[in-house]
Amino acid sequence: MLPKFDVLTDEQINKIHKNSLKILQEIGVEFSYDPAIEVFKKHGQRVEGHRVFLDPDFVENMVEKAPAQFTLHARNPEHNLVCGGENIIYMPGYGAPFVYDADGGKRDATMADYDNFVKLAGASKNMHMTGGTVVEPTDVEDEIRHLKMAYSHIINSDKCFMGSSSGYEHARDSIELTAVLHGGLDVIKEKPALICLVNSVTPLKYDDRMLGGLMAYAEAGQPMVIASLVMAGSTGPATLAGAMSLQNAEVLAGITLTQCINSGTPVVYGCTSAVTDMSTGSLSIGNPENALFVSASAQFARFYGVPCRGGGGLTDAKTVDAQAGYESMMTLFAASTTGVNFVMHTAGILQYYMAMSYEKFMVDDEIAGMVLRYLKGFDTESDEKMAYDVIETVGPGGHFLTQKHTRKNFKTEFFRPALSDRQSFDGWSKDSLDTNQRAKLKWQEVLANYTPPELDPAVKEKVEAFIEKRSKELLK
Amino acid sequence: MNPIFEEIKDAIVDGDEDLAIELAEKVVAEGIDPVQAVQLGFIKGIEEVGAAWTSGEAFLPDVMMAADAMKAGMDVLEEVLAAGEGEGAYEDKGKIVLGTVEGDIHDIGKNIVGALLTSAGFKVYDIGIDQKAEDFVAKADEVGAKIIAASSLLTTTMKSQKVLVEYLDAQSLRDKYKVIIGGGPTSAKWGEDIGADGWAETADEAVELCKKLLG
Ligand code: B12
């Protein structure tokens with residue numbers, strides 16, 4: 001792995017850190033959920049109504065308790081993932097209610113789309129897990145959506161996935177279902193197998209649903225991403241330093257709560273902060289400011305000794321065009337080269353999280369492959385890699401195409417594109433397909449050839465029984 | 001022309017809420033014609049900002065701060081205007097109750113819609129986030145609004161927009177109000193499905209929609 005670069009000096013880190021602690025101590029954070037308020041009271045923090053004022057030393061001590069890294073367990077141990085350190089984890093986009101088609105069409109996302117994106121992630125060598133809420137399946141009743149979504153991840157792939165955090169009850173369902181898959185709640189407490197996303201409500205609030213989710217995961221010892229999305233200019237200050245201070249305060253408050261509930265619970269420092277487009281008010285994510293927020297967050301996570309979530313193949317474009325490509329490359333590259341460990345939204349997102357696109361998924365998958373290759377850097381370990389001998393053999397003026405050394409090494413040293421076109425003009429112009437059109441053919445081919453890894457029938461039965469029982473209860 | 005009208009206009013263009021209130025209070029205290037203050041001051045100002053917005057010279061903070069200043073100043077004048085003081089009469093383009101539906105706390109889009117409607121001359125009553133159908137209707141009844149505008153940003157709370165229409169039906173109030181809806185995951189089709197009177201994708205389109213509905 002390459003060394004990670006910093007975008008802030010130590011002095012800047014310190015200034016923002018101090019600013020965040022001052023926000024927490026003097027302005028405070030609102031927690032709407034009473035059980036959370038009780039936890040803070042028990043830990044001797046000043047509480048007025050639902051507002052909690054956090055002592056700086058207390059925050060630092062609590063954040064200290066969160067582990068620097070943890071392992072997330074998959075049903076197939078080959079897909080276990082270490083989150084933290086030098087590792088990077090890629091997965092599909094999260095939460096989009098729409099699907100945009102190759103021809104520019106827009107439609108509501110469905111459960112069939114859900115299964116497809118999980119399969120595409122399962123098939124991809126660049127996607128380390130299958131993510132969570134890969135689209136919002138609007139054709140499934142929301143009472144039981146979380147169960148159907150979890151089932152899709154369990155059945156269509158053997159990689160790690162994310163669970164629901166929307167309220168204590170849904171969170172608890174996801175955790176128990178994962179426990180069924182892995183052989184019990186005590187098994188996953190020992191070996192965490194489910195991770196979720198908990199968002200603050202910027203500025204400076206956490207709502208009931210998210211806190212209910214947070215408490216369920218913390219109690220069960222399952223990891224969670226604690227993230228803040230500051231829309232600089234609307235839900236936060238228009239200065240990068242101000243927005244970063246606000247985001248940092250919120251994330252620190254959330255992490256503090258998790259450690260109060262269950263000391264040592266694995267958490268990931270999450271950043272989705274970006275800017276507001278001042279002509280429309282919409283969130284804008286495919287930009288250098290977003291890349292800077294994400295890179296700075298990776299640095300803060302290192303500073304606090306926890307893993308970091310941020311970035312992805314992020315764009316404001318509505319179709320797979322040049323804008324989609326250049327914005328996504330910038331945001332994924334920045335996240336990956338500055339030390340982000342957990343990258344939700346790596347593949348598929350269009351229009352600031354509003355839509356998923358199959359074609360975009362394939363483009364991002366290609367970008368992900370390119371970035372992963374870049375991260376591997378140079379291998380200078382062996383004489384073989386230094387290639388002195390072969391340079392000597394060929395000598396001045398020859399060529400390397402017919403050397404054994406070449407044939408042996410190019411496959412591992414070179415990135416092999418799956419989507420990019422490297423043909424001659426004549427070769428390309430036989431079909432004249434642009435990236436969007438090639439991506440469409442590609443995902444159809446991948447889906448057609450994908451066979452989900454088998455799930456032990458006995459386990460499958462138990463999983464289905466659990467879902468059936470809970471669905472009946474929830475739809476009553 | 002009384003120089004205070006020009007000052008009011010500038011206060012609106014600058015988005016200076018405090019100054020707008022101060023000047024409105026002066027209008028009341030000194031018995032200056034409030035209708036003229038509105039027409040030559042407040043409306044002139046907001047029209048100027050609106051034009052700059054349309055031509056792309058003004059940005060959201062400009063429009064939203066101007067709308068806030070306008071609203072604050074107009075609130076001060078409300079009483080004298082209602083009492084019919086001044087030459088002629090001032091009437092807003094229509095009253096609109098605006099809010100985010102139950103279960104939903106997203107409010108940036110709603111706030112922008114409110115600001116642009118205000119700057120287009122509508123009187124907007126923003127009831128905030130996470131509001132039940134009853135709350136929308138109670139406010140509309142209280143202020144005599146013609147339009148109820150409901151924002152929803154979540155696929156899971158969109159159905160609260162449907163509940164709003166159904167509630168009006170159940171109360172036999174459906175003909176009394178125009179219901180318009182909007183927000184990220186909503187669509188024209190959703191608006192039709194639930195029997196709303198209109199849907200708009202952006203705040204600018206929301207203004208056009210309201211003009212059409214009340215026009
Ligand atoms: C900022 C944001 C938040 C902030 C909100 C802060 C605030 N004060 O509003 C916070 C962090 C609190 C938040 C929380 C949540 N969010 Co959120 N959030 C967003 C985000 C990124 C931007 C929303 C926004 O403000 N856009 C900018 C404004 C200007 O656009 P707009 O609201 O669409 O408004 C325009 C038009 O729609 C229209 N309009 C709006 N209202 C109306 C009303 C009428 C009558 C009319 C005519 C027109 C109209 O005019 C506006 C201006 O042009 C969106 C994604 C996105 N890109 O939109 C997700 C998103 C909406 N959130 C989402 C989710 C899931 C959530 C959470 C459940 C948690 C989570 N996983 O993030 C919670 C839910 C909390 C709750 N109970 O409501 C999902 C929704 C998916 C779905 N199922 O529908 C989205 C799409 C993101 C995603 N892909 O996951 N969120």
task: Could you do me a favour and compute the accessible area per residue for segment B:107-164, 1.4 Å probe, result in Å²?
output: 35 Å²
- line: Among beta bridges assigned by DSSP with both residues in the protein assembly as shown, the antiparallel ones amount in percent, to the nearest 5, to 30 percent
task: Principal axes first, then extents: for the Cα atoms of segment A:298-417, list largest minus smallest coordinate on each axis, whole Å, largest first.
output: 56, 38, 19
query: Which distance in Å, rounded to a whole number, links the C-alpha centroids of segment A:191-236 and segment A:282-324?
result: 18 Å
Interatomic Cα distance distribution for segment A:9-113, bins of 10 angstrom, percent: 11, 22, 21, 28, 16, 2
message: Compute the orientation-averaged projected area for segment A:179-323 from the convex hull of its Cα atoms and round it to one decimal in nm².
response: 10.1 nm²
Shielding score for A:276-282, defined as the mean number of other chain Cβ atoms within 10 Å: 6
query: Considering only Cα-Cα distances, which of the following residue pairs are longer than 25 Å: A:4/A:125; A:106/B:176; B:9/B:71; A:119/A:360?
result: A:106/B:176
- prompt: Tell me, what is the 1.4 Å probe accessible area of residue A:21, in Å² to the nearest 10?
  reply: 10 Å²
- prompt: Across all directions of projection, what mean area in square nanometres is found for the Cα convex hull of segment A:91-142?
  reply: 3.7 nm²
query: Per residue, what volume in Å³ does the Cα convex hull of segment B:3-82 take up?
result: 70 Å³
query: Which translational diffusion coefficient, to the nearest whole µm²/s, is obtained for chain B from the Stokes-Einstein equation, given a Kirkwood hydrodynamic radius over C-alpha pairs, 20 °C and 1.002 mPa s?
result: 121 µm²/s
statement: Straight-line reach check, residue A:408, cutoff 15 Å on alpha carbons, 8 or more apart in-chain or any other chain, hits among aspartates and glutamates -> A:379, A:383, A:384, A:389
message: Please compute the alpha carbon radius of gyration of the protein assembly as shown, then divide it by the globular-protein estimate 2.2 N^0.38 Å. Two decimals is fine.
response: 1.06
query: Helix-derived [θ] at 222 nm for chain B: sum -39500 (n - 2.57) over DSSP H runs of at least 4, divide by residue count, nearest 500?
result: -16500 deg cm²/dmol
- request: Would you kindly calculate the translational diffusion coefficient of segment A:64-376, applying Stokes-Einstein with the Kirkwood radius from alpha carbon pairs, for 4 °C and a viscosity of 1.567 mPa s, and quote it in µm² s⁻¹ without decimals?
  value: 69 µm²/s
Along each principal axis, Cα extent of segment B:77-142, largest first, Å: 46, 23, 15
- line: Expressed in angstrom and ordered largest first, the alpha-carbon extents of segment A:56-114 along the principal axes are 53, 36, 21
Dipole magnitude (debye, nearest 20) for the protein assembly as shown, charges at Cβ of Lys, Arg, Asp, Glu: 2780 debye
- prompt: What FRET efficiency do you get for residue B:89 and residue A:241 if R0 is 45 Å and r is their Cβ-Cβ distance, rounded to the nearest 0.05?
  reply: 0.35
query: In Å², what does the accessible area per residue of chain A work out to with a 1.4 Å probe?
result: 43 Å²
- prompt: Where does segment B:95-214 land on the Kirkwood hydrodynamic radius, alpha-carbon pairs, in angstrom?
  reply: 13.6 Å
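The values are calculated or read from the model by the stated rules, or taken from the named source; none is laboratory data. What you see is a predicted model, and the numbers here were worked out from it, not measured in a lab. Counting neighbours? That spans all protein chains shown, and the Cβs are built from the backbone with ideal geometry, glycine included. When the accessible area is computed, the model is the full protein with side chains, heavy atoms only, and any ligands, DNA or RNA have been set aside. Shrake-Rupley method; radii C 1.70, N 1.55, O 1.52, S 1.80 Å.
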